[in-house]
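What follows is one structure encoded as structure tokens, with my remarks underneath.
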Amino acid sequence: MTTYDFDLICIGGGSGGIACAKRSATSYGKKVLCIERARLGGTCVNVGCVPKKVMWSAAHIAHTLKHDMEHYGFSTGGEVTLDFPKLKQARDKYVKRLNGIYASGFAKAGVEHVFGEATFVDEHTVKVTDKDGQVANYQAEKILIATGGRPHFPPGEGVEENCISSDGFFDLEDLPKVAVVVGAGYIAVELAGVLNSLGSETHLVVRKGRALREFDPMISEALDKEMVKQGIFIHRNTNGVAKVATDGGNKKNITLHNGDTIYNADVVLMAAGRVPNTEDLCTDCEWAPNTETLHLEKCGVKITPRKYVVVDEYQNTNVENIYALGDVCGVVELTPMAIAAGRRLADRLFSSNPIHATSKVSYEYVPTVVFSHPTIGTCGLTEPKAIE
């Protein structure tokens, strides 16, 4: 019988990987290694849900001070100003503390973790290269791919060079006077709402008639009216951005496919979608736009034409001992779903209780929250889907 260094290796220290690693170690006594190339917590903790909610809270306070405070008898006695660098510093400090909490959680659970780029050697072996170039090989009976996703820059002249992503939003040192947000999904409307409430002149560029088209029309239409009412300039039926150019200084001019141009933006934020972190898993695969690390061809894991890892309802890949979950699978790209999938997978793989033999998550009727202004909560079929 072959022996391995670990019972389970989790590639990716985000929500799904952490949940599976800790459940496997604490509930079933398994020896687990988690590999993370950046910061523990993944997208949600570092450049997603958590810092976004901090910014939403700040924007909500700003909105209350501007529009609602006096109706409840409050008065500031003068102008209220925002110290954006102070806000950023406090937010980043909070996120860093959470990184430490995850590390402490691993220690208490008995989960080992290392930082570095992971590369498949074969279906049971992963090579990790740390920031200093030191290389180590680790073997496990089972391996989980939970590498998440990242923002996508659409094609267009000067787009990638002159724009920031939703990740880059959290690197802003100052509040831009004029901000252009490109996208029609929840990330776009959330960040547009934050920027507008904090005081930026905000433009939202959508390809078609309005944002959140996949939501129930009652919701998307109501939000559209509210965004206009709050002062967001919505550029409709643009078919996206054709070109982003600088004016020779720090200002940017954005040419849209419908011929319109937005001038003198300080920041152009692309929120036109996300892609799975699978090209980082393969260097020789013909579908890989980058040649970074993980060598999926070494273990034979299949991906879809859109580069998501192919899994069944139990998170199994086509390779018997390799599994995948979370955003890298592209099913329901939400933190609570990755956490639930990670825990259910650990139960199914390691529990001796027969009830867990078919443990899995349900991806039907998942509640969704959008931290727009105002906020949205929804669950179930939209009216058009129900009619179908």
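The values are calculated or read from the model by the stated rules, or taken from the named source; none is laboratory data. Small disclaimer: the values here were computed from a predicted structure and weren't measured. So basically every Cβ, Gly included, is an ideal-geometry build from the backbone, and we count neighbours across all protein chains shown. Accessible surface is based on the protein model in full, side chains and every heavy atom, while ligands, DNA and RNA are left aside. Shrake-Rupley method; radii C 1.70, N 1.55, O 1.52, S 1.80 Å.
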With the label point 7 Å along the Cα-to-beta-carbon line of residue 321 and a cut-off under 18 Å to each amide N, the hits in segment 103-131 are 119-128
With a Förster distance of 41 angstrom and the Cβ-Cβ distance between residue 2 and residue 53, calculated FRET efficiency to the nearest 0.05 equals 0.35
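Within 10 Å, count the other beta carbons around each residue, average over each peptide in 5-18, 61-74, 340-353, and list them highest first.
Details: 5-18: 27.4, 61-74: 12.1, 340-353: 20.4.
Sorting 5-18, 61-74, 340-353 by mean packing, highest first, produces 5-18, 340-353, 61-74.
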Heavy-atom accessible area of residue 187, protein chains in place, probe 1.4 angstrom, given in Å² to nearest 10, is 40 Å²
Semi-axes (Å, rounded, descending) of the ellipsoid equivalent to segment 344-388 per its C-alpha gyration tensor are 34, 16, 5
Violations at 19 Å Cα threshold for listed pairs 88/131; 52/131; 243/307; 86/252; 52/96 -> 88/131; 52/131; 243/307; 86/252
For segment 124-190, the Cα gyration tensor yields equivalent-ellipsoid semi-axes (√(5λ), largest first, whole Å) of 36, 16, 13
Taking max minus min of the Cα coordinates of segment 1-45 on each principal axis, largest first, gives extents in Å of 39, 22, 10
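With Rg and the Kirkwood Rh both taken from Cα atoms, where does Rg over Rh land for segment 304-379? Write out the running numbers ahead of the final one.
Numbers: Rg = 14.4 Å, Rh = 13.8 Å.
Across segment 304-379, the Cα-based Rg/Rh ratio is 1.05.
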For the chain the mean separation of alpha carbon contacts under 8 Å (6+ apart) over residue count, i.e. relative contact order in percent, is 19 percent
Counting all Cα-Cα pairs in segment 40-181, those more than 26 Å apart amount in percent to 49 percent
Placing one equal point scatterer on each C-alpha of segment 170-234 and summing with Debye, one gets log10 I(q)/I(0) at q = 0.16 Å⁻¹ equal to -0.48
Cα pairs beyond 37 Å in the chain, in percent, come to 28 percent
With every protein chain in place, the accessible area of residue 329 for a 1.4 Å probe, in Å² rounded to the nearest 10, comes to 10 Å²
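Taking the Cβ-Cβ separation of residue 94 and residue 137 as r and a Förster radius of 45 Å, what is the calculated FRET efficiency to the nearest 0.05? List each step's numbers first, then the result.
Details: r = 36 Å, r/R0 = 0.80.
Step by step, r from the Cβ atoms, then E = 0.80.
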Length gained if residue 27 through residue 74 is fully extended, taking 0.36 nm per residue and subtracting the Cα-Cα distance, is 11.8 nm
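Give, in whole angstrom and from largest to smallest, the semi-axes √(5λ) of the equivalent ellipsoid of segment 224-271, with λ running over the eigenvalues of the Cα gyration tensor.
Ellipsoid half-lengths, sorted descending, are 21, 14, 8 Å.
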So the FRET efficiency between residue 363 and residue 261, C-beta based with R0 = 51 Å and rounded to 0.05, is 0.75
